[in-house]
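Here's the structure we're looking at; comments come further down.
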Amino acid sequence: MTTPRGCSGAARVARRGLAAPPGVRRGPPPGVRRVPPPGVRRVPPPGVRRVPPPGVRRVPPPGVRRRPPPGDFRRPPGDFRRPHPGDRRRRPAPGGGGNKGIITPYGVHEGVFKHTSIKGDALVTKNMVPGESVYNEKRISVQNEDGTKVEYRVWNPFRSKLGAAILAGIDIIGIKPGARVLYLGAASGTSVSHVSDIVGPTGVVYAVEFSPRSGRDLVNMAKKRTNVIPIIEDARHPARYRMLVSVVDVIFTDVAQPDQARILGLNAKYFLKIGGCCLMSIKANCIDSTLPAEKVYELEVERMTAEQVKPKQRVTLEPFERDHACVVGGYRMPIKIQK
């Protein structure tokens, strides 16, 4: 039987007897997916919203910006246009700080402060060179009552043994405004920069570092801090830099050597005043890796005593440093005569 030319495709199927029964939709065989021809977009039925399969993210075509839903004022990263009135996000000020928070002295340590904000507490020092960072640390600007602004630098205890010791509860460090400090094992100047902030313009920091690579970073840091004197020399031979260092009030050593107690005592004989403060950072694995850390600490305390340093306090640097401790003592302490 022939089909007239004017008939539609459905009519042709009906004439051939291939039409599906009423209410039954004819589809492709099982396992076969019907793909529309190239350039033809399949439109879902009215009222049906097509979503991607679970775990698949729909990405707009290149050059097409997805418009947020009504009432959503979010903006993509990197969009620094004037914020919408409904955008409540707070963008940080240049330099990574705002004037929100409270600055209070930290314990008995002069020149060390605590910044309290809604994000938590942080150990800070007053920046001697405002606007400059040493190791990309966060800077905080606080406005005083008279309208002037003071900038503080956040002291990261995970990158400074001295900062970790302060947070660990050490009571005496001897470093205060106007003090003269001999820092052995200064490295690139991370902790030295905060010591420079504490002693201020009236104090001085003699930073000794043996590595030329770290010494180059130390020298670059000292170019902007006039109270830091970098010395690229071996701390085992203090006679080589005796003409550069005067009598100091505090010696802090972080050399991580098996004979660091001897190095501390040798430098103390040359430069430390009688009754001065000695701080030594102990790394147990660098002294004796076969003994427990607590046993190594006790041996180092005995060696410090043999160098005429009277230990006063010992703290561990957990959780900032593993198997580390800091010991503070007095050098050649005068004997109190009881009447």
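The values are calculated or read from the model by the stated rules, or taken from the named source; none is laboratory data. If you're wondering where the values come from, they're calculated on a predicted model, not measured in any experiment. Glycine also receives a Cβ, built like all others from the backbone with ideal geometry; neighbour counts cover every protein chain displayed. Surface accessibility is based on the protein's heavy atoms, side chains included, excluding ligands, DNA and RNA. Shrake-Rupley method; radii C 1.70, N 1.55, O 1.52, S 1.80 Å.
Roughly what would the spin-label model give for V56 and K310, points 7 Å off Cα along C-beta, in nm?
So the two model labels end up 7.9 nm from each other.
Please list, ordered by chain and number, the residues whose modelled amide H lies under 5 Å from the amide H of A207; skip anything fewer than 5 residues away on the same chain.
Excluding prolines and chain starts, which carry no amide H, the hits are Y183, I229, I231.
Just how large is the dipole of the stretch 268-339 about the Cα centre, in debye to the nearest 20, putting +1 at every Lys and Arg Cβ and -1 at every Asp and Glu Cβ?
The calculation lands at about 620 debye.
Tell me the chymotrypsin sites (Phe, Trp or Tyr not before Pro) within the stretch 106-164 that lie in a loop according to DSSP and have at most 15 other beta-carbon atoms within 10 Å.
Here the sparse-neighbourhood loop sites are Y135, F158.
Over the stretch 206-339, with every protein chain in place, what whole percent of the accessible area is carbon and sulfur at 1.4 Å, could you tell me?
Carbon and sulfur: 52 percent of the exposed surface of the stretch 206-339.
What does the charge count near P201 come to, summing +1 for each Lys or Arg and -1 for each Asp or Glu among other residues with Cβ under 14 Å from its Cβ?
Neighbour charge sum, excluding P201 itself: +4.
Please work out the Cα center distance from the stretch 214-235 to the stretch 270-320, rounded to the nearest Å.
25 Å
Taking only protein heavy atoms and a 1.4 Å probe, what accessible area per residue, in Å², does the stretch 222-329 have with all protein chains in place?
48 Å²
Using all Cα-Cα distances in the stretch 290-339, what percent lands in each 10 angstrom bin from 0 up to the longest?
23, 43, 24, 8, 2
List every residue whose amide H lies under 5 Å from the amide H of Q313, counting only residues 5 or more places away in sequence or on a different chain, with H placed 1.01 Å from N in the peptide plane.
Hits under the 5 Å cutoff: V328.
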